[in-house]
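The values are calculated or read from the model by the stated rules, or taken from the named source; none is laboratory data. In this text, all values refer to a predicted model and were calculated from it rather than measured experimentally. As a convention, Cβ positions derive from the backbone with ideal geometry for all residues, glycine included, and neighbour counts pool all protein chains shown. Ligands, DNA and RNA are stripped out before the accessible areas are found, and what is left, the full protein with its side chains, is counted by its heavy atoms. Shrake-Rupley method; radii C 1.70, N 1.55, O 1.52, S 1.80 Å.
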Amino acid sequence: MRKAHEVRELEKDALDEILIEIENCRVSRLKSLKIGYNLHIKAFPEEIRQLTWLTSLSVVCTAINAVPDWIDELKQLRVLDISSNYNIKNLPSSLANLKHLKKLIVDNTDIEEIPPFIGDIHSLELLEIDLYDAEVIPKSIIDLPNLRRIETRGCDISHFPALAAKQHKLNMQECVRHINICKKRRSKKLDLSYLHAGALPEELAELHWLEELDLTCNNLKKLPQWIGNFKNLKVLILDTNELTSLPQSIGNLKNLKKIVLSFNRIKTLPDSFGNLASLEKFYLCERHNHPGLEEMHGQGSWFTLLPASFGNLASLKEFFISDTRMTRLPNSFGNLQSLRTLSILETISDDFYFPPSMKNLKSLRKVAFSSFTHLPEFIGELKNLTVLDIDHNKLEVLPGYIANLKKLKKLNLHSTLIRELPDWIENLNNLVTLDITHNEIAVYPGVVKKLPKLKHFADDSNLYNR
């Protein structure tokens, strides 16, 4: 336990650092000030009061317990962020005097009741606040005339129907606003991420020239069939939604090069997925099947099957999956002759997961496996492999067929159950990087010194470094 004088010294150092930042802001007349991330800061710095020209102020993650009444003397403020200050229980009514304030961020505090006077800040466009303990939402906040976004940080607001309806309306309006801007500028890239729209507005269907579309975190339950009309689309990101399937029209995206399907409820892909002749990158990460985690996030792993048509993706170069429920890759997987990177982070104990055709993936340069109990033998057939990441596995022995990988440049054995490096590892003459950290490998210096190109060697004892 720290002594009292040590704590006081830490608090003094923390305050001194902040005072230097405030002084720099004063001298340079900077319009933005960001301080915080130090729990030794106990009080809102009085010196900020002088900076009346500030337009943006961020005081986050401290131990302050109050925002001062004089906050309204910073009359030019457009942005005020006091998030992650867990000792703040109330807000001063003087906030209502900030007539130019557009963004107010007060989530992750100890505020239980939402003060009605926030509804008097008519300039407010974005309000971020948590409602875990709130019992009432003032109508004045719901009726704010210029409000464009309400962020409630994952709080269930279904028991506030008026707020939920308002939030949905604002989210859709914001979505359409982004679409209209894109349409006006004829932009090729559209970012609609984190808008929680719930559905895609029809206005989006008009943007047939789009090349990149990001729909991350929009509570989407389905994609419309017209998504297949985006013939120029190259990147489609559907991360963190509630999709249970993809429409057959997805196969019409002949120019699609990258798709991200992580954190949805999709069990398999339509057969038309194999028509994506230009697809180069496929990513699907799900949450680990843990009862507590599934309950906390509302979902666990869903994906169980890749269709046989997946093997038709002749241009595929990167394949990444994690924590799915798949028990086997399709036999056609070995047809992916362009595949360069294969990352499978699953709990697998049976070679049945991999079809015999895997040995045909001669173009593979990088393989990453995690949570395996043993490695599949086809790895020994991958003569062009340069990177083998087999960290966080339950391997007890390094299989001898890895000695066949003469072009291997990086071998990552971090966090396995391997206790000894085999003598044959000295045959990996092109090895540049070797990581054996978080293992119980006791004897290795003699073997390692025989690797002529080794430059980066990581271990827990630092017995040997070149």
Can you find, within the range 303-321, the residue that is modelled with the lowest pLDDT among those that are open to solvent by 10 Å² or more (accessible area, probe 1.4 Å) and in a strand (DSSP E or B)? LEU305
Residues that are closer than 22 Å to LYS12 by Cβ, touching a residue at least 24 places away in the same chain (Cβ under 8 Å) and of a type in the set (Gly, Ala, Ser): does the range 39-62 have at least one? no
Going through (1) closer than 28 Å to TYR132 by Cα; (2) open to solvent by less than 80 Å² (accessible area, probe 1.4 Å) one by one, ASN65 fails only at (2)
Filter the strands (runs of 3 or more DSSP E) completely within the range 166-259 down to those with at least 1 residues that are touching a Ser or Thr at 6+ places or on another chain (Cβ under 7 Å) and either surrounded by 20 or more Cβ atoms within 10 Å (Cβ to Cβ) or of a type in the set (Val, Ile, Thr) (or both). 235-237
When the range 128-140 is examined, which residues are found to be open to solvent by less than 90 Å² (accessible area, probe 1.4 Å) and more than 17 Å from ASN97 (Cβ to Cβ)? GLU128, ILE129, ASP130, LEU131, ALA134, ILE137, PRO138
Condition met for GLU21 (at pLDDT below 95, surrounded by 12 or more Cβ atoms within 10 Å (Cβ to Cβ) and in a helix (DSSP H, G or I)): yes
Across the range 407-432, what is the number of residues that are modelled with pLDDT of 95 or more, assigned to a loop (DSSP other than H, G, I, E, B) and charged (D, E, K, R)? 2
Is there a residue in the range 117-125 that is more than 24 Å from THR55 (Cα to Cα) and either surrounded by 15 or more Cβ atoms within 10 Å (Cβ to Cβ) or of a type outside the set (Gly, Ala, Ser) (or both)? no
Conditions: (1) among the small types (Gly, Ala, Ser); (2) part of a loop (DSSP other than H, G, I, E, B); (3) crowded, with 16+ Cβ neighbours inside 10 Å. SER158 meets all but one. Number of the miss? (3)
Does GLU280 satisfy the criteria of being modelled with pLDDT under 95, out of contact with any helix residue (DSSP H, G or I) (no Cβ under 8 Å at 6 or more places or on another chain) and of a type in the set (D, E, K, R)? no
Subset tally (residues that are open to solvent by 70 Å² or more (accessible area, probe 1.4 Å), in contact with a Lys or Arg (Cβ under 9 Å, 6 or more places away or on another chain) and outside any loop (DSSP other than H, G, I, E, B)) for the range 74-105: 2
Residue satisfying condition, being out of contact with any Phe, Trp or Tyr (no Cβ under 9 Å at 6 or more places or on another chain), part of a loop (DSSP other than H, G, I, E, B) and of a type in the set (Val, Ile, Thr), within set ILE64, ILE137, ILE114: ILE114
Give the residues of the range 355-377 that are modelled with pLDDT of 90 or more, open to solvent by 20 Å² or more (accessible area, probe 1.4 Å) and over 23 Å from the mean Cα position of the chain (by Cα), sorted by residue number. PRO356, SER357, LYS359, ASN360, LYS362, SER363, ARG365, GLU377
Single residue of the range 378-395 satisfying the filter (under 19 Å from TYR353 (Cβ atoms) and either of a type in the set (Phe, Trp, Tyr) or open to solvent by 60 Å² or more (accessible area, probe 1.4 Å) (or both)) that is modelled with the lowest pLDDT: LYS394
Just one listed residue, out of VAL397, VAL432, is closer than 18 Å to ALA368 by Cβ and within 34 Å of the chain's Cα centre (by Cα), and it is VAL432
